[in-house]
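A.B. asks: What follows is a structure written as structure tokens; I'll ask about it next.
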Amino acid sequence: MASERPDRSVLTDAELVRCILGGEADAFGEFVRRTQRQAYRLARRLTRNHEDADDVLQESYVKAYRALDRLDPKRPFTPWFYTIVSRTALSLLRSGKVRAAESLDEPGPEGEDSLGQRVADPRGNPAALDRWIDADRAYARLSEEHRVVLALRVEGDLSYDEIAETLGLPVGTVMSRLARAREALLAMMDEVKRAPRS
């Protein structure tokens, strides 16, 4: 009879990293479980495409696994990993090899419901769904500079210092860029709300 696997969910980040570095391969599965949802959201927000986000995530896990021995054990691995995801997504964006972005309100393949409709049933809270779709449309119209800094802060939950490290910018520049990005997003939201829906 096979021995039961230990419960990795109770381990701290540092303990989990030690297990992975010690050769306990199944411990990396817990690392993926802890980071996958938020990391995907960050990659998706940056690339604006599901397939690209999946590619970024897979490549980021490989990079993280290879670089894990260089992680400072006193540093939590989640922000460290989100930095890897961000840089991988930015490299893809800069390479120009990104697929076309998917709009939340465009019909799905073969006339299916739009992505926005598939994500949330509009009968439950139509106003919330409308706001969500408007926010996504407004976000899509922002400059890449503004989209990236907002995604790192909101989806990646990175600190100003971590964003500065990821983008290679001074912290003050990150703070002012975030302020301008928020203002631009609010202005774009007003524009989107006034635009007729197709």
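A.B. asks: Could you go through the range 26-49 and let me know if any residue there is farther than 28 Å from L150 by Cβ and of a type in the set (D, E). Write out each step before concluding.
C.D. replies: Narrowing the range 26-49 to residues farther than 28 Å from L150 by Cβ: 26-30.
If we keep only those that are of a type in the set (D, E) as well, we get 26, 30.
Yes, the conditions are met somewhere in the range 26-49.
A.B. asks: Of the residues that sit in the range 35-86 and are closer than 14 Å to L16 by Cα and touching an Asp or Glu at 6+ places or on another chain (Cβ under 8 Å), which one is surrounded by the fewest Cβ atoms within 10 Å (Cβ to Cβ)?
C.D. replies: P76
A.B. asks: Please count how many residues of the range 33-90 are assigned to a loop (DSSP other than H, G, I, E, B) and either among the acidic types (D, E) or on the phi < 0 side of the Ramachandran plot (or both).
C.D. replies: Taking the range 33-90 first, the residues assigned to a loop (DSSP other than H, G, I, E, B) are 48-49, 71-76.
Remaining after also requiring either among the acidic types (D, E) or on the phi < 0 side of the Ramachandran plot (or both): 49, 71-76.
Residues flagged as assigned to a loop (DSSP other than H, G, I, E, B) and either among the acidic types (D, E) or on the phi < 0 side of the Ramachandran plot (or both) within the range 33-90 amount to 7.
A.B. asks: Out of the range 153-167, which residues are surrounded by fewer than 18 Cβ atoms within 10 Å (Cβ to Cβ) and assigned to a loop (DSSP other than H, G, I, E, B)?
C.D. replies: Hits for the range 153-167 are D157, S159.
A.B. asks: Also, I was wondering about something else. I need a count of the residues in the range 165-186 that are at pLDDT below 90 and either of a type in the set (G, A, S) or touching a Leu at 6+ places or on another chain (Cβ under 8 Å) (or both).
C.D. replies: Going through the range 165-186 one residue at a time, the tally reaches 4.
A.B. asks: So, one more: Please go through the range 177-198 and pick out each residue that is exposed (fewer than 13 other Cβ atoms within 10 Å of the Cβ), free of Cβ contacts under 8 Å to residues at least 60 places away in the same chain and farther than 15 Å from R141 by Cα.
C.D. replies: Across the range 177-198, the qualifying residues are A179, P196.
The values are calculated or read from the model by the stated rules, or taken from the named source; none is laboratory data. Since we're looking at a predicted model, the values are computed, not measured. FYI the Cβ positions are ideal-geometry reconstructions off the backbone, even for glycines, and counts take in every protein chain you see.
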